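The structure appears below as structure tokens.
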Amino acid sequence: MKNLVNPNNPNANAFESSSALLSLYGRGVAKGYAIGRAVVMGAAALEVPHYRLASELIAAEKVRLTEALSSTRLELEDLSKSLPLDAPIELAAVLQVHVMLLADPLLAEDTLRLIEERHYNAEWALTSQGQLLAEQFSAIDDEYLRERGADVRQVVERVLHTLVGTRSLASLDQVRNTTEPLIVVARDISPADMIRLRGAQFAGFVTDLGGPTSHTAIVARSMGVPAVVAMGLSRQTIRDGDLLILDGEQGVVWVNPSSQQIKDYQELAQRYVEERAALISIKDVSSQTLDGIHVGLYANIELPDEVELAMANGAQGIGLFRSEFLFMGRQDLPSEQEQFEAYKHVAHAMAGQPVTIRTLDIGADKTLDSEKTVAANPALGLRAIRYCLARPEMFMTQIRALLRASAFGRVRILIPMITNMQEVRAAQHMIRAAQSELSAQSIAFEPNIEIGGMVEVPAMAIAIEPFAQALDFLSIGTNDLIQYTLGIDRTDADVSSLYDPLHPAVLRLIASTINAGVRFNKSVSLCGEMAGDASLTKLLLGLGLTEFSMQPRQILDVKGMVLQAHTNALRTAIATSLNRGIPVDLAALK
Ligand code: PEP
Ligand code: MG
């Protein structure tokens with residue numbers, strides 16, 4: 001994919017003109033604008049804690065790094081002295097190189113400078129500098145020197161190990177926005193890394209890979225941070241410290257922009273903030289169409305603390321709590337008590353409004369750190385309910401926590417990625433077993449808890465009747481429904497242009513699911529990213545949808561569309577397109 005365009009000279013090689021004005025094109029997946037300095041990251045850099053230090057902590061952090069460097073050096077020197085006589089001669093030489101690298105000012109001094117000037121914590125500064133050096137070595141023609149890149153990585157890892165020993169995890173109290181905004185530039189960021197980066201208060205994200213419904217994009221939207229994905233070559237083109245403008249609306253990143261552009265974008269950003277603030281006036285307006293159809297607007301959340309944001313945007317409940325985010329970015333599994341506290345927090349905060357908690361949807365682009373093996377094709381493998389039924393103990397722990405939380409609010413259980421009725425029956429059976437256990441232990445729970453299923457595998461949508469009959473509610477997960485219907489990996493930038501929510505096959509599956517809900521008197525919501533895209537609100541209303549669940553920050557935009565819609569007219573227009581199999585003309589929907 002060709003993403004590099006230099007408007008000043010379309011024939012210029014982007015790599016030669018990196019100090020000139022350059023724009024890179026990708027997909028804007030989280031709205032808004034950011035102006036800040038690039039932080040170019042490799043995979044290793046994403047695994048360490050990232051936070052910026054308050055000025056008074058800089059000196060101590062430098063001491064921490066210096067001590068870690070010297071104790072690693074001592075460790076290596078001891079190791080070389082204690083090498084057995086028959087150890088290969090190369091080993092002693094490698095250790096010697098590592099000791100030298102540790103003393104090299106390029107590693108030590110430049111890392112200390114990053115702490116001093118950018119206020120990076122030691123781990124972050126070290127991985128950034130290590131990555132830069134390793135990349136410089138790999139670009140050298142001489143084979144011997146090229147291989148030293150690997151030595152740099154090994155040395156950095158050793159020091160990180162020592163650093164982690166000196167302070168396990170970042171204390172987020174130390175995060176203060178003391179310097180200019182930073183924009184992360186990475187090849188890809190896993191959903192677990194996104195959660196880790198939440199504390200670092202980055203102003204924007206740019207990735208070479210990913211698509212609009214990848215979980216990276218979803219988490220960026222939930223953080224309210226603009227993001228552009230599928231950039232292709234940003235990491236080779238953008239240098240650490242470059243000034244960037246990130247335009248999440250157009251999917252453009254400007255590298256080293258002119259002062260006029262910065263001024264224009266500052267104005268745009270200001271207007272964007274004002275428009276968002278103006279939307280708040282409709283927060284408490286009843287959510288109904290011009291012809292009086294009430295439309296439920298719910299929030300999707302990944303972590304319990306987002307419930308406040310949901311309420312601030314007028315959510316009428318939680319339509320999707322992606323519980324797997326409690327399980328990601330850690331080595332152990334959350335205990336029943338820990339899960340119970342998290343679910344209870346949300347149930348309690350929503351004060352009787354529905355809180356739909358999805359059981360663990362691990363697999364595809366969401367993985368557990370403790371899971372060592374990766375399936376050949378994880379999106380089609382042991383994912384979601386398949387994974388949970390294969391690990392009944394873990395599933396039971398979650399079910400018990402969910403049931404216990406149901407005593408504190410209107411908790412509903414949502415089962416992801418259902419394909420067949422055996423899965424529904426197995427899950428229901430386990431929920432009943434957990435209820436019996438809790439009763440025997442005199443632990444409170446809601447005996448009539450609603451159990452719903454996600455419609456995200458085409459097989460379920462095509463043969464929806466028994467599911468609609470057996471489950472209490474349905475929720476359409478269009479992110480996966482589109483992926484599996486069209487056979488397009490939702491995270492693969494190379495096919496993202498084929499990922500088409502308006503494909504007639506997708507629209508027919510959504511329509512037939514909604515109709516089944518009407519026939520069996522079961523509520524049907526839609527919680528994929530389509531629900532939060534205000535340009536699709538009228539289309540979905542025309543398909544008969546009356547429950548939408550989306551990122552909290554999208555609720556008011558969608559509400560604005562609902563308030564201007566005539567559902568009757570929309571239904572007729574959509575039915576005509578669907579019956580004729582012709583594409584829906586969004587612009588013509590009134
Ligand atoms: C979906 O597939 O539409 C959905 C909401 O679930 P997730 O994005 O977490 O896979
Ligand atoms: Mg899904």
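The values are calculated or read from the model by the stated rules, or taken from the named source; none is laboratory data. Source: prediction; values computed, not measured. Note: ideal-geometry Cβ built from the backbone for every residue, glycine included; neighbour counts use all protein chains shown.
Here are the numbers for this structure:
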{"read-out": "Failed item in (1) closer than 21 Å to Asn300 by Cα; (2) in contact with an Asp or Glu (Cβ under 9 Å, 6 or more places away or on another chain); (3) buried (at least 22 other Cβ atoms within 10 Å of the Cβ), with Ala493 passing the rest", "value": "(1)"}
{"read-out": "2 or more residues among the hydrophobic types (A, V, I, L, M, F, W, C) and modelled with pLDDT under 95: qualifying helices (runs of 4 or more DSSP H) within the range 204-309", "value": "215-223, 259-279"}
{"read-out": "Count - residues of the range 28-72 that are of a type in the set (Gly, Ala, Ser), over 32 Å from the mean Cα position of the chain (by Cα) and more than 16 Å from Val159 (Cβ to Cβ)", "value": "2"}
{"read-out": "Residue within the range 261-279 that is surrounded by fewer than 13 Cβ atoms within 10 Å (Cβ to Cβ) and within 30 Å of Ala569 (Cβ to Cβ) present", "value": "yes"}
{"read-out": "Cβ-Cβ under 6 Å pairs, at least 6 apart or on other chains, the range 544-555 side more than 21 Å from Glu275 (Cβ to Cβ) and of a type in the set (A, V, I, L, M, F, W, C), far side modelled with pLDDT of 95 or more and not in a helix (DSSP H, G or I)", "value": "Leu545/Leu526"}
{"read-out": "Residue that is surrounded by the fewest Cβ atoms within 10 Å (Cβ to Cβ), among those in the range 220-244 that are on the phi > 0 side of the Ramachandran plot and not aliphatic (A, V, I, L, M)", "value": "Gly241"}
{"read-out": "Counted residues, the range 450-463 - those being out of contact with any strand residue (DSSP E or B) (no Cβ under 6 Å at 6 or more places or on another chain) and away from ligand 1 (no atom under 16 Å from the Cβ)", "value": "2"}
{"read-out": "Residue in the range 480-491 that is farther than 30 Å from Leu209 by Cβ and within 16 Å of ligand 2 (Cβ to nearest atom) present", "value": "no"}
{"read-out": "Qualifying position, being modelled with pLDDT of 90 or more and not assigned by TED's automatic domain parsing to the domain that holds Gln201, among Glu135, Glu90, Glu109, Glu75", "value": "Glu109"}
{"read-out": "Helices (runs of 4 or more DSSP H) completely within the range 376-464 that count 2 or more residues being within 16 Å of ligand 2 (Cβ to nearest atom) and of a type outside the set (A, V, I, L, M, F, W, C)", "value": "385-390"}
{"read-out": "Cross-chain or 6+ apart pairs with Cβ under 6 Å, the range 329-357 first and not assigned by TED's automatic domain parsing to the domain that holds Val219, then small (Gly, Ala, Ser) and surrounded by fewer than 21 Cβ atoms within 10 Å (Cβ to Cβ)", "value": "Gln331/Ser370"}
{"read-out": "Test: residue in the range 533-555 that is within 28 Å of the chain's Cα centre (by Cα), more than 13 Å from ligand 1 (Cβ to nearest atom), among the basic types (Lys, Arg) and buried (at least 17 other Cβ atoms within 10 Å of the Cβ)", "value": "yes"}
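Yes/no per residue for (1) within 20 Å of Ala342 (Cα to Cα); (2) crowded, with 20+ Cβ neighbours inside 10 Å:
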site: Leu382; (1), (2): no, no
site: Leu389; (1), (2): no, no
site: Glu393; (1), (2): yes, no
site: Arg404; (1), (2): yes, yes
site: Ala407; (1), (2): yes, no
site: Ile415; (1), (2): yes, yes
site: Met421; (1), (2): no, no
site: Arg425; (1), (2): no, no
site: Met430; (1), (2): no, no
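Yes or no, residue by residue, for (1) of a type outside the set (S, T, N, Q); (2) away from ligand 1 (no atom under 16 Å from the Cβ):
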position: Asn300; (1), (2): no, no
position: Leu333; (1), (2): yes, yes
position: His348; (1), (2): yes, yes
position: Thr359; (1), (2): no, no
position: Thr367; (1), (2): no, no
position: Thr373; (1), (2): no, yes
